[in-house]
Amino acid sequence: MDMSDALAALAALSHPTRLDAFRLLVRHSPNGLPTGALVDASGLTQSTFSTHLAVLAKADLVTAEKRGRQQVQHARLDTLRQLMTFLAKDCCEGRAELCEPLIADLTCC
């Protein structure tokens, strides 16, 4: 992941609706959720939510799969992993001792 991709992902996740939707999709991985379930969870109209979904898709954080008559949305866990790795490597500058507390937090629960 390069700086441009990282900025796009961070910008997409910087809105509460988009962050909530992405977190919900991550929790429902690998099966994903129908778009309607995401709209219902957001409390927004379909058209308003689709704008948020488009921002997440443009940042490569979500992808859609057609199942019959439904669109099922999936979190792109590979993009999340790349973003987290980019941030950890960039911030820690190769110094593992700086990232050890972060890794411990991820594995504790």
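For the stretch 21-60, which positions are surrounded by fewer than 18 Cβ atoms within 10 Å (Cβ to Cβ) and small (Gly, Ala, Ser)?
Ser29, Gly36, Ala37, Ala41, Gly43, Ser47, Ser50, Ala54, Ala57
Applying the selection to the stretch 18-43, what residues are touching a Ser or Thr at 6+ places or on another chain (Cβ under 8 Å) and under 29 Å from Lys89 (Cβ atoms)?
Selection gives Asp20, Ala21.
Please go through the stretch 35-92 and give me each residue that is under 18 Å from the mean Cα position of the chain (by Cα) and assigned to a loop (DSSP other than H, G, I, E, B), ordered by number.
Hits for the stretch 35-92 are Ala59, Asp60, Leu61, Arg76.
Hey, could you check the stretch 72-109 for residues that are surrounded by 10 or more Cβ atoms within 10 Å (Cβ to Cβ) and of a type in the set (S, T, N, Q) and say which is nearest to Asp40 (Cα to Cα)?
Only one residue tops the list, namely Gln73.
Just the residues that are touching a Lys or Arg at 6+ places or on another chain (Cβ under 6 Å) and over 17 Å from Ala6 (Cα atoms), please, taken from the stretch 43-62.
His52, the sole residue that qualifies.
Yes or no: Gly94 under 18 Å from Pro16 (Cβ atoms) and not aromatic (Phe, Trp, Tyr)?
No, not satisfied.
Readers should treat all values here as calculations from the given coordinates under stated rules, not as data from a laboratory. Everything numeric in this text was worked out from a predicted model, so none of it was measured. Counting neighbours? That spans all protein chains shown, and the Cβs are built from the backbone with ideal geometry, glycine included.
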